[in-house]
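See below for the structure under consideration.
Please treat every number below as a calculation from the coordinates, not as lab data. Bear in mind the structure is a predicted one, so any value in this text is a computation, not a measurement.
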Amino acid sequence: MKHLSAIALLIITACSSQQTGTTEADRAQIIRTELDFAKMAEEEGVAAAFYEYASDSAVINRGGNLIKGKEAIREYYQSSLKPGTKLIWAPDFADVSGDIGYTYGKYTHLVPDSTGIFSEHHGIFHTVWKREKDGRWRFVWD
């Protein structure tokens, strides 16, 4: 009986470590996703990128206001950003546990004035990611 209990414990431990363990491949995948997200924002616009990479139930915090759901997030960016606004970022760190991960890093928000001169705003971002059933990472919090 002791032998069976030890085997059962080993199986449970092995299965749970596979489900919640973080591998370098997981970290690399979430960093690649963040970089692709930033590239899309630069090439196709912030609203399009946030819509593409948001989970259906994603939430963003902007100016102390929570914008909930990918449709609302797209509408927020389409209506609030001045034409020509740029958002540039890259992750400095990523970690993953199972199907949840997070990234953080620095961003630069460039906003043009009426003469086309940009004002720069710098900050730190933190994004929480969830691996969806199709294997793709989508953000749930930004």
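Each residue of the range 86-99 is assigned a 3J(HN,Hα), and the resulting list reads 10, 10, 10, 7, 7, x, 9, 8, 9, 9, 9, 9, x, 9 Hz, derived from the Karplus form 6.51 cos²θ - 1.76 cosθ + 1.60 (θ = phi - 60°), x at Gly and Pro. Each semi-axis of the equivalent ellipsoid for the range 22-141 is √(5λ) with λ an eigenvalue of the Cα gyration tensor; in descending order they amount to 25, 16, 12 Å.
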